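Before any comments, here is the structure.
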Amino acid sequence: MRQYGVYEAKTKLPDLIKQVQQGERVTITNRGEPVADLVPSASRATQQTKEAIAAIKAMRSGTTNQAEYNELRLRGRR
C-alpha cells in the first residue's frame, strides 16, 4: 500500500486513480496521519471475480487453449 500526502495526492490524482484501477490501495495522509484510503470499487472487484470464475469454467470444459491459459495465468500474477 502506498501513501501520499494531501498535496501530492491532489497533484497526482489521475495517476493514483490508475493505480487503484490496477487493484492497488492508496492511503492519503495529512501531516503523516492516514486520513483516507483509495480502494478499488466493490462493483469492479465483483466483475473481476465473475470474469475469473468464467475463465476457470472455460479451462475446466477444455475450451481454453494453451496460449489463452498462459495469458490468464500471467494476468493473475499482476
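The values are calculated or read from the model by the stated rules, or taken from the named source; none is laboratory data. Every value quoted in this text rests on a predicted model; they were computed, and no experiment measured them. Backbone-built Cβ (ideal geometry, glycine too); neighbour counts: all protein chains shown.
Structure notes:
- Among the residues of the range 29-42, those identified as loosely packed, with under 10 Cβ neighbours inside 10 Å and modelled with pLDDT of 80 or more are Arg31, Gly32, Glu33.
- Looking across Glu71, Glu33, Glu24, one residue alone is of a type outside the set (Gly, Ala, Ser) and farther than 27 Å from Met1 by Cβ. It is Glu71.
- Residues within the range 6-21 that are surrounded by fewer than 14 Cβ atoms within 10 Å (Cβ to Cβ) and not in a helix (DSSP H, G or I), tallied: 0
- Selected residue (only one of Lys57, Lys50 is surrounded by fewer than 11 Cβ atoms within 10 Å (Cβ to Cβ), assigned to a helix (DSSP H, G or I) and of a type in the set (Lys, Arg)): Lys50
- Among residues of the range 4-15 that are among the aromatic types (Phe, Trp, Tyr), those with a beta-carbon under 8 Å from a residue that is not in a strand (DSSP E or B) at least six positions away or on a different chain give the pairs Tyr4/Lys12; Tyr4/Leu16.
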